[in-house]
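S.K.: Dumping the structure here so I can ask a few things about it.
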Amino acid sequence: MALLTKVKLLNLFYSTSIQATNVVTERIMSIENIDERLSKGDPALVHEIAKVNLSNDKTRNNYSFATKYCAYHQPHLYPIYDSIVAQVFMRLFEKGLLPKYKYSRPTSEEQNIFTKKDFSEKLKDYSFFCYIYEYFKKEYDLVELTNRQIDSYLWGAFKIAGGNFRINELA
């Protein structure tokens, strides 16, 4: 499948709102050893795909799209970040049901005392997001499920229950 077609279909299917699909495609094509890095599950690749320089001298961060692109190629290595998964993790964080770290700017992550905003921003660090995702899978005994199954469940539960979705329903 041509790369531009793949980018457009992922954008359409996942509603990622990318308008500059040609620029995103060029960005992906410019990344060296992308296939090898995808096969190894390189988390830095997500951020490389995500950062796109636009013609108006602005940079756009297509983080959610980048996770979906990588997950399309290696679903067992790349969990998908989107607003629904972020909401679930934020609710777990607020209830104290995720690991806590001491938040000490800028170099220490021994124990967390993140603010809600800090935690939300930290989820946009793909390595941290993957760590929290794996913790979530283990904590809720979901390790036998694929990332795609978990994503589908969370997405469906949120779409059906909306604001009535309760974390304790996961247990």
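The values are calculated or read from the model by the stated rules, or taken from the named source; none is laboratory data. Since we're looking at a predicted model, the values are computed, not measured. Every residue, glycine among them, receives a Cβ derived from its backbone with ideal geometry; neighbour counts consider all protein chains shown. Please note that ligands, DNA and RNA were not included when accessible areas were found on the heavy atoms of the full protein model with its side chains. Shrake-Rupley method; radii C 1.70, N 1.55, O 1.52, S 1.80 Å.
S.K.: Which whole-Hz couplings ³J(HN,Hα) result when phi for each residue of the stretch 75-83 is put into the Karplus expression 6.51 cos²θ - 1.76 cosθ + 1.60, θ = phi - 60°, listed in order with x for Gly and Pro?
M.R.: Each residue's phi maps through the Karplus curve to give x, 7, 9, 10, x, 8, 8, 8, 5 Hz.
S.K.: Of all accessible surface on the stretch 7-71 at a 1.4 Å probe, what whole percent is carbon and sulfur?
M.R.: Here it works out to 48 percent.
S.K.: With 16 Å as the cut-off, how large is the P(r) tail for the stretch 1-85, expressed as percent of Cα-Cα pairs?
M.R.: When every Cα pair of the stretch 1-85 is considered, 48 percent fall beyond 16 Å.
S.K.: Residue separation times 0.36 nm, minus the C-alpha to C-alpha distance between ALA44 and GLU121: what's the value?
M.R.: That works out to 26.1 nm of additional length.
S.K.: Considering the alpha-carbon set of the stretch 1-160 alone, what are its Rg and its Dmax in angstrom?
M.R.: 16.3, 47
S.K.: Estimate the FRET efficiency between SER55 and LEU4 by the formula 1/(1 + (r/R0)^6), using the beta-carbon distance for r and 22 Å for R0, to the nearest 0.05.
M.R.: 0.80
S.K.: Across bins of 10 angstrom width beginning at 0, how are the C-alpha pair distances of the stretch 27-66 distributed, in whole percent?
M.R.: Taking every Cα pair in the stretch 27-66, the percentages come to 29, 53, 16, 2.
S.K.: Further question on the same structure: Calculate, in nm to one decimal, what GLN149 and PHE13 gain on full extension: separation in residues at 0.36 nm each, minus their alpha carbon distance.
M.R.: Fully extending the segment from GLN149 to PHE13 adds 47.3 nm.
S.K.: Let's test the formula: R0 of 41 Å, r as the Cβ-Cβ distance of TYR135 and ILE31. What FRET efficiency results, to the nearest 0.05?
M.R.: Here the calculated transfer efficiency is 0.90.
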